[in-house]
Structure formats: C-alpha cells, structure tokens
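A quick write-up on the structure given underneath.
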Amino acid sequence: NAGVTQTPKFQVLKTGQSMTLQCAQDMNHEYMSWYRQDPGMGLRLIHYSVGAGITDQGEVPNGYNVSRSTTEDFPLRLLSAAPSQTSVYFCASSQNTEAFFGQGTRLTVV
Amino acid sequence: GQQLNQSPQSMFIQEGEDVSMNCTSSSIFNTWLWYKQDPGEGPVLLIALYKAGELTSNGRLTAQFGITRKDSFLNISASIPSDVGIYFCAGPPGANSKLTFGKGITLSVRP
C-alpha cells in the first residue's frame, strides 16, 4: 500500500536551477494536487489536475509548471528556482473529497 | 479565495486535559475535514463530516459539522504526548474537489 509517493524527500538548489518534484499514486485517483507549506501560512494550492491531460492553476502557481500524462503521475517543475520557493511541498490525491498526502519534499533554494 | 479561519495559532495543554479547536468560514461548506500533521510528515485525515449537525468520533477525537455549515469543531479528550502536531481543518467550497485549508493549530502537550 504505497499510497502517494513523493521524491526526493530533501533537495537543495542554487538560484536559477530547474528541477522536477515527482509524485505518484497507486490508488487510481482522478484528482491530484500540489501544495506548499510555509510557517504560519498553512497549505497553499499550487496546481491541480482533475484527470489525465487536464491541469489548472491554484492559489500560488507562479514559477511552477505541471503536467498530467497519466493518472498515476503528477510532476511539479520549478523552471528557475528562487529563494522564495524554499518550502515544503506536498502532493495529494483524492477520488471524492478526502485527500491523501505524500510525505513531502523539503526544498531549499540558496 | 475562500478562507478557513483557525485560531489560536498555537495551543499548550497538560497531558490528560481535553482540548477543543474550531474552524470557521464566511461561506457555506458541504464537507468538513480534519487533518493532523506529525513533524516531518504529510497531513493525515482524522475525521470527515458530510452533513450539517453531524457528530463523528474516532477514538478520543470527536468532530462536529456546525448547523450553519460555516463552522466545525474538533475535540480531543484525555490528551497524550503523541497528540502533538498541527491540526488543520479543510473543505471544498462548492461542488469541486479543490480543498481549502485553514492555517492550522499547533498543539503542544506537556507531560
């Protein structure tokens, strides 16, 4: 029972570098989403997808891209990392309302 | 966007005490979810509420869906050290699955 799997768990990037945070789920959920968590800010939605081939922006989408070529995978791409993107990133999936979260990726941009 | 309000930001209680948290919104929600996040982990769903007035328990946890559909409450009875963590309320405003989260309440339990 893997659930939602995120990789890597930790990452340090230099300003301007690009990288992809991976997210995979094995529950056949249609809905997947990415959040970032910052102290005192709660969980803020970056991008989400209601099914393969469909993505949309959340509350804080700038500087991030997503794609959904399969039901299982929903990678998050940072195009040119900035220190403001230092955060903990969570991927979640759901079929109805209840979302299941991965363990998070702690990203530091220096 | 829709706002879910949780306060205070932090709560400190003694082991064995009961604690109550609430979550309010200016808009109606059709579902209320309560999550707990342990340090270094992702949020885990504790209780889901789907009907106004609903009262649901999960062990020492009890949550209620407010009659006005604009609030929800989570109670933890006889707290223990492993109750430490961040408690989030969440819900989908409207018919879609896009969840809105409160900013969370960090609970500390003194032994």
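Taking all Cα-Cα distances within segment A:6-110, those exceeding 24 Å account for 15%.
Amide H to amide H, with H built 1.01 Å from N, A:Ala82 comes under 5 Å of A:Gly16, counting only residues 5 or more places away or on other chains. Taking the convex hull of the alpha carbon positions in segment A:52-110 and averaging its projected area over all directions gives 4.6 nm². Per-residue Karplus couplings for segment B:30-46, computed as 6.51 cos²θ - 1.76 cosθ + 1.60 with θ equal to phi - 60°, are listed in order as 9, 9, 10, 10, 10, 10, 10, 10, 7, x, x, 10, x, x, 10, 5, 9 Hz, Gly and Pro entered as x. For segment A:1-59, trypsin sites (Lys or Arg not before Pro) are listed when DSSP marks them as loop and at most 14 other Cβ atoms sit within 10 Å of their Cβ; the list is A:Lys9, A:Lys14.
Here the spin labels are modelled as points 7 Å beyond Cα on the Cα-Cβ line, and at B:Gln14 and A:Gln22 they lie 5.0 nm apart. Across segment B:4-12, coupling constants 3J(HN,Hα) worked out from phi with the 6.51/-1.76/1.60 Karplus curve, θ = phi - 60°, read 10, 9, 10, 8, x, 6, 9, 9, 10 Hz, and Gly and Pro carry x.
Other protein chain C-beta atoms within 10 Å of residue C-beta, averaged over A:41-54: 3. For the pair A and B, the buried accessible area comes to roughly 1600 Å² in total, with a 1.4 Å probe and the value rounded to the nearest 100. Relative contact order of chain B, taken over Cα pairs closer than 8 Å and 6 or more residues apart, is 37 percent. Residues whose amide H falls under 5 Å from that of B:Asn30, counting only those 5 or more places apart or on a different chain, are B:Gly94, with hydrogens built in the peptide plane.
Mean per-residue shielding of peptide B:40-52 is 4, counting Cβ atoms of other chains within 10 Å of each Cβ. In order along segment A:80-91, the phi-based Karplus estimate (6.51 cos²θ - 1.76 cosθ + 1.60, θ = phi - 60°) of 3J(HN,Hα) comes to 8, 4, 10, x, 5, 8, 4, 5, 10, 10, 10, 9 Hz; Gly and Pro are listed as x. Dividing the convex hull volume of the alpha carbon atoms of the protein assembly as shown by its residue count gives 118 Å³ per residue.
The values are calculated or read from the model by the stated rules, or taken from the named source; none is laboratory data. Being a predicted model, the structure only gives us computed values, none of them experimental. Ideal geometry is used to build each Cβ from the backbone, glycine not excepted, and the neighbour counts take in all protein chains shown. SASA here: full protein model, heavy atoms, side chains in, ligands and nucleic acids out. Shrake-Rupley method; radii C 1.70, N 1.55, O 1.52, S 1.80 Å.
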